[in-house]
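> Okay, here's the structure, questions in a sec.
No value in this document is a laboratory result; all are computed from the given coordinates. None of the values given here were measured: they were computed from a predicted structure. A quick note on method: Cβ atoms are made from the backbone with ideal geometry, for glycine too, and the neighbour counts reach across all protein chains shown.
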Amino acid sequence: MFPPRTVLVAVDFSEPSRVALICAARLARQCQATLHVLHAEDPLLAGAASAAGIDLTTETREELGAFVQSAAPAGDSAPMLHVVIGSAVDVIRDIAVREGADVIVVGMRGMSGAERTMFGSTTEGVLRKAATSVLVVPAGWTPPQPASDDLSGTGPIVAGVEMATPALAATRAACRLAALLGTSVDAVHIVPPLAVPARWAAHADAALKQHVEAARADLAAALHDLRAEYPVNLVVKTGRVADELAAAVEPVGGNQPLLVIGRRTHDERGGAPGTSAYRILTMASVPVLMYLPED
């Protein structure tokens, strides 16, 4: 469900996870949702501590409480705290199911250059296995209005849209979130250029123009009812999908966008984000909601 009623954020005491916690707490406050904060305890570390007579789980819970208090407004939300021993990805997935989380919030560590070609293992694993929507928060994110305790000032909401059920469902979720935030939605569709030899360039340009016109007509029809209810601006552009969507959410002129992308239907075997979605997540400088359609 989006806006969510239950928000689960996973933290590992790093600064990027503190940023994710701040975003999650503000999202929960904005949506009047219950906030859960989870730390997955490494089994080998827990075993070594137990052998030394140390109750690591109790000590970690104390540290988690202090960590939450250091990430305002998380401490004011009276969150539910969870310290669970096990593989981080499996623990996050299982606790999300147990607590009925509508969205899992995770951080992405700051990366540059070649490092941006891959995620941290936990974030990528959650995207593969989680049975709910996932909000990925970049390490450099800051609240649009620091003096507030919610996500006021966020906008516009940018939805990557195409003629597919996950993308259309994500656009509807983007509209519901935009209504809550008092902002607008840009539904952006990118038509990639055709890769053809130079001698066929004129034909490719003509075909590309036809693709753009057809996409605009099809999407306008698909979004007709939605646009009657919410202020949705349909934008159809050409270019590389990831590059253009990342550019569409680049903060400009005081805007603080948030990107919403439809996520593939969950598969218990685990499924990686599509190639374009993967690249967008490594390129975007704003939070990205990978929305999983409701059953």
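> When you have a sec, figure out the Kirkwood radius of segment 153-295 from all distinct Cα pair distances and drop it here in Å to one decimal?
One decimal place: 15.8 Å for the Kirkwood radius.
> Hey, rough spin-label estimate for A78 and A52, points 7 angstrom out along Cα→Cβ, what's it come to in nanometres?
Distance between the two pseudo-spin positions: 3.7 nm.
> Hey, another quick one. Of all beta bridges DSSP finds with both residues in the chain, what is the antiparallel percent, to the nearest 5?
Roughly 10 percent of the beta bridges in the chain run antiparallel, per DSSP.
> Next up: Return the percentage of antiparallel bridges among DSSP beta bridges fully within segment 153-295, rounded to the nearest 5 %.
Looking only at bridges with both residues in segment 153-295, the antiparallel portion is about 5 percent.
> Within the set of other residues whose C-beta is less than 14 Å from the C-beta of A48, count the net charge using Lys and Arg as +1 and Asp and Glu as -1.
Its environment carries a net charge of -4.
> To check my understanding: the extent here is largest minus smallest coordinate of the Cα atoms along each principal axis. What are those three numbers for the chain, in Å, largest first?
74, 40, 36
> Right, another one. Return the single residue from I54, I95, I85 with maximal mean-square fluctuation; model: Gaussian network over the chain, springs between Cα atoms under 10 Å.
Result for the chain, Cα springs under 10 Å: I54 fluctuates most.
> OK, next. Roughly how many whole Å is it from the C-alpha centroid of segment 123-188 to that of segment 241-263?
10
> Mean residue ellipticity at 222 nm from the helices of the chain, using -39,500 (n - 2.57) per DSSP H segment of n ≥ 4 over the full residue count, to the nearest 500 deg cm²/dmol?
-13000 deg cm²/dmol
> What translational diffusion coefficient, in µm²/s and rounded to a whole number, does the Stokes-Einstein relation yield for segment 23-179 at 10 °C and a viscosity of 1.306 mPa s, taking the hydrodynamic radius as the Kirkwood radius over Cα pairs?
It comes out at roughly 91 µm²/s.
> Rounding to the nearest 20 debye, state how big the charge dipole of the chain is about its Cα centre with +1 on each Lys and Arg Cβ and -1 on each Asp and Glu Cβ.
Its charge dipole is roughly 800 debye.
> Label-point separation (nm) for S148 and A221, each offset 7 Å from Cα along Cα-to-Cβ?
Here the answer is 3.9 nm between the modelled labels.
> Taking the highest mean first, how do the peptides 228-238, 182-192 order by number of other beta carbon atoms within 10 angstrom per residue?
Packing proxy ranking, top to bottom: 182-192, 228-238.
> Testing the spin-label approximation: label points 7 Å from Cα along Cα→Cβ at R264 and K237. State their distance in nm.
About 2.6 nm separates the two model spin labels.
> If you put +1 on each Lys and Arg Cβ and -1 on each Asp and Glu Cβ, how big is the dipole of segment 1-148 around its Cα centre, in Debye rounded to 20?
560
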